[in-house]
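Let me begin by presenting the structure, written as structure tokens, before commenting on it.
The values are calculated or read from the model by the stated rules, or taken from the named source; none is laboratory data. Quantities reported herein were computed from a predicted structural model and do not represent experimental measurements. Methodologically, a virtual Cβ is constructed for each residue, glycine included, from the backbone with ideal geometry; neighbour enumeration extends over all protein chains shown. Calculation scope for accessible area: heavy atoms of the full protein, side chains included, ligands and nucleic acids excluded. Shrake-Rupley method; radii C 1.70, N 1.55, O 1.52, S 1.80 Å.
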Amino acid sequence: MPLNINKDTVYRAAKPKDKDYFINDGGGLNLVVGKNGTKIWRFIFTFEGKRKKLSFGVYPDTTLESARRKAEEARQQIADGLDPSLGRKEIKAARQLAEINEDRVNAGLPIIDSFADVTRQWLHSISHLTSSTNPHLHQENQ
């Protein structure tokens, strides 16, 4: 499988057409040229029999060298038996959880799944059992 097929000038000179089209750089790395003129690096691969895609960023903000480096990292993950798109989802979920926890701390609440949070949830779940309006509780104390 040939890699690094084109020079940067090919990607720089790419112009929009009536439909989106791909310029192949080899090894699954492509530049998608949109009909509106946007250019996005896309890595297309097969993992466990499923065809998948990863976006590496907008060209020229994401350079050819950077896209090739990311594609090489993704190919290495695939060779190691790891799904590169799954790693991205985990990173995104961790980032979102960190943002939520920061908001909770700023609001005076414990972070999610901390001991304080689990204890708070448990106390809330049994509050109906310990409420002073619980007639069974009053009968047992008398």
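Leu109 sits with roughly 60 Å² accessible to a 1.4 Å probe, with DNA, RNA and ligands left out of the calculation.
Does segment 40-90 classify as rounded, prolate or oblate by the C-alpha gyration tensor (a ≥ b ≥ c root eigenvalues; a/c under 1.5 gives rounded; else a/b over b/c gives prolate, otherwise oblate)? Note, shape of segment 40-90 comes out prolate. Relative to the longest principal axis of the Cα atoms of the chain, helix 84-106 runs at roughly 40 degrees.
Over the chain, with every protein chain in place, what whole percent of the accessible area is carbon and sulfur at 1.4 Å, could you tell me? Percent of accessible area from carbon and sulfur atoms in the chain: 55.
Average accessible surface for the chain: 72 Å² per residue, computed with a 1.4 Å probe over protein heavy atoms with every protein chain in place. For the chain, the mean residue ellipticity at 222 nm estimated from helices alone is -14500 deg cm²/dmol, where every DSSP H run of n ≥ 4 contributes -39500 (n - 2.57) and the total is divided by all residues, rounded to the nearest 500.
Percentage of Cα-Cα pair distances in segment 1-98 greater than 20 Å, rounded to whole percent?
Summing the P(r) tail past 20 Å for segment 1-98 gives 40 percent.
Of the whole protein surface, Asp8 contributes about 40 Å² of accessible area at a 1.4 Å probe radius. Please compare each pair in Lys52/Lys92; Lys7/Lys52; Lys19/Lys39; Lys15/Lys92 to a cut-off of 21 Å on the Cα-Cα distance and tell me which ones are over it. Where the Cα-Cα span goes over 21 Å, the pairs concerned are Lys7/Lys52; Lys15/Lys92.
GNM remark for the chain: springs join alpha carbons under 10 Å apart, and the peak mean-square fluctuation among Gly27, Gly57, Gly108 falls on Gly108.
Length gained on full extension, Leu109 to Thr62, computed as 0.36 nm times the residue gap minus the Cα-Cα distance: 13.0 nm.
Accessible area per residue (1.4 Å probe, heavy atoms of protein chains only) ranks Thr63, Thr46 as Thr46, Thr63, with the largest value leading. Applying both filters, DSSP loop and at most 16 other Cβ atoms within 10 Å, to the GluC sites (Glu not before Pro) of segment 38-116 gives Glu48. Here the gap between Ile5 and Val118, fully extended at 0.36 nm per residue and compared with their Cα-Cα distance, gives a gain of 35.2 nm.
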